[in-house]
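Structure first, commentary second.
The values are calculated or read from the model by the stated rules, or taken from the named source; none is laboratory data. As the structure is a computational prediction, the values presented were derived from the model and not from experiment. Every residue, glycine among them, receives a Cβ derived from its backbone with ideal geometry; neighbour counts consider all protein chains shown.
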Amino acid sequence: MSPLEKIKNDIVESQVWKAIFRHGYDDTPRNRVMMVTSNVFLHLHPAKVRRHAVRMRFTWCMGGLTFLMFLMTAITGIYLMFYYRPVAEYAYADMKYLEFDMPFGMLMRNMHRWAAHAMIVFVWLHMFRVFLTGSYKPPREFNWIVGVLLLVLTLLLSFTGYLLPWDQLAIWAVTVGSNMARASPLLGYEGPFAEFVGVNPIYDARAFLFGGGEIGPHTLLRFYILHCIFIPLVASILMAVHFWRIRRDGFSGPSL
Amino acid sequence: MAESAQERKLPVDDKIHTWPHLVRMEFLVALFVLIGLTIWSLTIDAPLEEPANPTKTPNPSKAPWYFLGLQEMLVYFDPWHAGVVLPTLIIVGLVVIPFIDTNPKGNGYYCFKDRKWEILTFIFGFHILWVVTIIIGTFFRGPGWNLFWPWQFWDTHKVVALTNVDLPYLLGIRSYWVAAAFGLFAIGAYFIGWMGFFYWFVLKVKGKDFLERWGMVRFNITGVILAVMMSLPAKMFLRLAFNVKYILVTPWINI
């Protein structure tokens, strides 16, 4: 046994190491299964998968990459949250501060934004792939519904984040995007039949979204909380359901 | 694919270990994508314009790019329809897909032949209606939401003649209530006509047995969703070809 192997052996056989990792490293079928089942993160996978389901030309890797982009936005987002205050007086100045003074501030902001855009493209392509392979067919109908909800949440996550830089692009894009709400039938003050319900500019669907009749500081705080806490929380719960269902039902594939 | 697998008599258990086969693939793909994302982020900065100013409306005001398909629909329908009803129906339409598509074939493998109409419908809705309208909204819309070529100068004073008229007016109906009644009739005729066409089409392509197995509930949900989906290109055609503004005009809603 070479010295290097001895050191490795000492580490891997130590009590501390064995307390953390419950599987060995020899390339045996048992260890391969243990690698997955005894690890809380890898445990998202089944221990074994159908051969065809691993191939990239089958999955396009799009579901996993959507999740990866979610993780990237979460990590970079936490970094940005240290320097950003969701207050109308400070928000824009904090953006400038973040871009010019913070170490890696600009890079973190860029990665956050581009990962968010990429996440939307990936989730659309993921849906397209799942449609093409008919993977929503029984018994996976419910997981398709969860996926549709996650698609909507992805768009909402990106949309609420769009306001936070508090620049011209932000407030006008969000204004245009939210004006739909005031046209909701019954619930928006410009929508059909609004006069029968009694909604008005400061008491309708859009005002509920904005926290007031117009986009203002209240909207910034509201969107910040939706963006950083509420929607990620709901999306995480739905993702857990989504992944768990895949694990339960297995990857779709032709019957043997 | 399913047949050929049986022909070749593959072993029943075609499973491989997740570790290392799948985990290795995920790791490598994640690595490459993260490298790409990092390079992209190092080269292209996220936009930051001047500070928010509620008194200074940019022209054009564009929604985030992924909603520009919805904003593009605002050209053809009123906000309550294009911004609320149609997006809701898009979501509903996506949700019902697994329940209206009862074709057992094509579950878990790529196959165009057995699911031709399903795949063509999805491609039409996703690639044509959704993606193309996003591209139009992103690259071909300028001040006043007028059409511009991407390389064309954005002339804020571009004069566009407002020649759109309502369909009943175009057909010579001048009475208010007759026009409303005609509009209602036209919309009803569109839906009934579409459902009739759809019935004939399903009967011709899939046959009577299929229709009986499919059931009236699935047939009606699918037909209505498709009718709503096709109403967008229909309205676009009426607008672009005949300058039709509304089909149905009432004191409460216009379509």
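So B:Thr102 ticks every box in (1) touching a residue at least 40 places away in the same chain (Cβ under 8 Å); (2) of a type outside the set (Lys, Arg); (3) assigned to a helix (DSSP H, G or I) but one. Which box is left unticked?
(3)
From the list A:Arg247, A:Arg206, pick out the single residue that is more than 17 Å from the chain's Cα centre (by Cα), assigned to a helix (DSSP H, G or I), surrounded by fewer than 17 Cβ atoms within 10 Å (Cβ to Cβ) and more than 7 Å from chain B (Cβ to nearest Cβ).
A:Arg247
Of everything in segment B:57-88, what is exposed (fewer than 15 other Cβ atoms within 10 Å of the Cβ) and either more than 7 Å from every other protein chain (Cβ to nearest Cβ) or among the aliphatic types (A, V, I, L, M) (or both)? Give them in sequence order.
B:Asn59, B:Thr88, listed by residue number.
In segment B:48-65, is there at least one residue being touching a helix residue (DSSP H, G or I) at 6+ places or on another chain (Cβ under 6 Å) and in a helix (DSSP H, G or I)?
Yes: segment B:48-65 contains one or more residues that are touching a helix residue (DSSP H, G or I) at 6+ places or on another chain (Cβ under 6 Å) and in a helix (DSSP H, G or I).
Considering (1) more than 7 Å from chain A (Cβ to nearest Cβ); (2) in contact with a Gly (Cβ under 9 Å, 6 or more places away or on another chain), say which one B:Gly36 fails and leave the rest.
Here B:Gly36 meets the rest and fails (2).
If A:Phe70 passes every condition in (1) loosely packed, with under 12 Cβ neighbours inside 10 Å; (2) aromatic (Phe, Trp, Tyr); (3) under 30 Å from A:Leu220 (Cβ atoms) but one, which one does it miss?
(1)
Just give me the residues in segment A:131-176 being more than 7 Å from chain B (Cβ to nearest Cβ), part of a helix (DSSP H, G or I) and modelled with pLDDT under 95, in sequence order.
Residue satisfying the conditions is A:Val174 alone.
So which helices (runs of 4 or more DSSP H) stay within segment A:1-74 end to end and still have 3 or more residues that are closer than 20 Å to B:Phe27 by Cα and not polar (S, T, N, Q)?
The helices (runs of 4 or more DSSP H) meeting that bar are A:29-37, A:51-54, A:56-59.
Hey, B:Ile187 hits all of (1) over 30 Å from B:Pro143 (Cα atoms); (2) at pLDDT below 90 but one; which does it fall short on?
It is condition (2) that B:Ile187 fails.
For residues that are closer than 16 Å to B:Ala46 by Cα and more than 9 Å from chain B (Cβ to nearest Cβ), scanning just segment A:102-130, find the one that is surrounded by the fewest Cβ atoms within 10 Å (Cβ to Cβ).
A:Phe104
So how many residues does segment B:95-149 have that are within 18 Å of the chain's Cα centre (by Cα) and small (Gly, Ala, Ser)?
The number of residues fulfilling the criteria is 2.
Across segment B:171-193, what is the number of residues that are under 12 Å from B:Val249 (Cα atoms), small (Gly, Ala, Ser) and over 23 Å from the mean Cα position of the chain (by Cα)?
Going through segment B:171-193 one residue at a time, the tally reaches 5.
Consider A:Pro165 carefully, then state whether it is farther than 30 Å from A:Phe251 by Cα, surrounded by fewer than 17 Cβ atoms within 10 Å (Cβ to Cβ) and of a type outside the set (Asp, Glu).
no
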